[in-house]
Amino acid sequence: TRVVSCRAAELRPEGGGEPVRGFQVVLEDTILFPEGGGQPDDRGLIGDVPVLRVTRRGPEAVHFVPAALEPGAEVLLSLDWERRFDHMQQHSGQHLITAIADQMFGFKTTSWELGRQRSIIELDTPSMTAEQIEALERSVNEKIRERVPVTVRELAADDPDIETVRSRGLPDDHVGPVRVIDIEGIDSNMCCGTHVSNLSDLQVIKLLGTEKGKKNKTNLVFLAGNRVLKSLEQSHSTEKALTSLLKNGPDEHVEAVKRLQSSVKLLQKNNLNLLRDIAVLIARDFKSKPAPSQLFVLHRKEGDSEFMNIIANEIRTEETLLFLTVGDDKEAGLFLLAGPVEAVENLGPRVAELLGGKGAGKRGRFQGKATRMSRRGEVEALLREFTSSGSPEA
């Protein structure tokens, strides 16, 4: 084909981030599909320049590329066929599911999304039963095995046949003929997307179940074609890994995991009870000393907020300032400052700031999360300065 125009532009990445500088290129014709109709755009090359996005602007396809192309130059387009064929399988699969769901149960499709891993059809029904899903899956796969042809028609905008075609309406900026996708004897649907030429190219469709949609709607999740094979491969790899870890066959995996969960819950419960006992013993040991210090500092890698609060509750002294921390020695964790109300109100925000965290407090306690536990030494120095002079240095 030939380059018609090329102008500088920016592209915002799909996952967010800084815009990418490049060029918007319009060609005399293109084999690259611009995003639309629920289907993502194609990828490919113009010569050796990668196409990063293709969008529709009225009747034109606009190709975003990282390098400038000379208007008037003759160029060769190549297409990422794996991506295109995947989109064809999912899109034709959606048409088939939509048509059969309507025929079998009267469930109308209100929208759909072709996702990277799975696709979703929004159905105008508050729910679907497991039996309905099973029957629908069985029916669409029967149609695939029957090798039903899929054809494309282009109709004039005033053609009376358009009235018999399923449609959610044309875009406001549509010009030219109306494109109709026919699944022989099953469906006629107004559509701009790319499709297989025979249902046998879909290979297989797997309905993964439903999710709650918008008000009184149900999202039906599905895979078509190669995505089913990829999903099966991933599941098989997971199954092999679990067989190795759990030392039993796939049929026993669920029960083995349930037993492990029960064991973990029991261990966690025992661990918490031991931590509580340790907290009480630590506090009693401190209180048993003839002349308890004005500052009590303790860090323990294993622990939680309850562990720290038990120590503070057991010591119960207005004369002692307590600085307690739990978590990783040099990374994130939890902290508690307890003691005289005025001192804690004054020092709490400063302790949180030093530890790179946030906290809140009342009635002589200030606690929160910390991101820089490695600065505990600085906090301790601040507190020792306070307990020795009554006011910490700035």
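Just to be sure I understand the filter: pairs with C-beta atoms under 7 Å, separated by 6 or more residues or on different chains, first member in region 294-323 and at pLDDT below 90 and β-branched (Val, Ile, Thr), second member crowded, with 18+ Cβ neighbours inside 10 Å and part of a loop (DSSP other than H, G, I, E, B). Which pairs pass?
Here the result reads THR320/GLY339, each pair linking region 294-323 to a residue that is crowded, with 18+ Cβ neighbours inside 10 Å and part of a loop (DSSP other than H, G, I, E, B).
Filter region 11-38 down to the residues that are modelled with pLDDT under 95 and among the acidic types (Asp, Glu) and list them by number.
The answer is GLU14, GLU18, GLU35.
Counting residues that are farther than 30 Å from LEU207 by Cβ, β-branched (Val, Ile, Thr) and in contact with a Phe, Trp or Tyr (Cβ under 8 Å, 6 or more places away or on another chain), which strands (runs of 3 or more DSSP E) fully inside region 16-112 reach at least 1?
Per the criteria, 20-27, 49-51, 53-57, 60-65.
Output the residue which, of all residues in region 222-277 that are touching a residue at least 60 places away in the same chain (Cβ under 8 Å) and part of a helix (DSSP H, G or I), is surrounded by the fewest Cβ atoms within 10 Å (Cβ to Cβ).
Out of the qualifying residues, it is ASN226.
Can you tell me which residue within region 113-132, out of those that are more than 19 Å from the chain's Cα centre (by Cα) and aliphatic (A, V, I, L, M), is farthest from LEU207 (Cα to Cα)?
LEU123
Name the single residue that is modelled with the lowest pLDDT among those in region 382-394 being open to solvent by less than 70 Å² (accessible area, probe 1.4 Å) and farther than 13 Å from LEU355 by Cα.
PRO392
Filtering region 341-377 down to residues that are surrounded by fewer than 13 Cβ atoms within 10 Å (Cβ to Cβ) and in a helix (DSSP H, G or I), which residue is farthest from the chain's Cα centre (by Cα)?
For region 341-377, the residue satisfying everything is GLU342.
Among what's in region 47-66 and is basic (Lys, Arg) and open to solvent by 60 Å² or more (accessible area, probe 1.4 Å), pick the residue that is farthest from THR30 (Cα to Cα).
The qualifying residue farthest from THR30 (Cα to Cα) is ARG57.
When region 67-83 is examined, which residues are found to be open to solvent by 60 Å² or more (accessible area, probe 1.4 Å) and not hydrophobic (A, V, I, L, M, F, W, C)?
The answer is GLU70, PRO71, GLU74, ASP80, GLU82, ARG83.
Considering only residues that are more than 41 Å from the chain's Cα centre (by Cα) and either among the polar types (S, T, N, Q) or open to solvent by 70 Å² or more (accessible area, probe 1.4 Å) (or both), which ones fall in region 299-340?
Listed by number, the residues that qualify are ASN313, ARG316, THR317, GLU318, GLU319, THR320.
The values are calculated or read from the model by the stated rules, or taken from the named source; none is laboratory data. Quick caveat, the model's predicted, so the values are computed rather than measured. Heads up, the Cβs are rebuilt from the backbone with ideal geometry, glycines too, and the neighbour counts pull from every protein chain shown. Accessible surface is based on the protein model in full, side chains and every heavy atom, while ligands, DNA and RNA are left aside. Shrake-Rupley method; radii C 1.70, N 1.55, O 1.52, S 1.80 Å.
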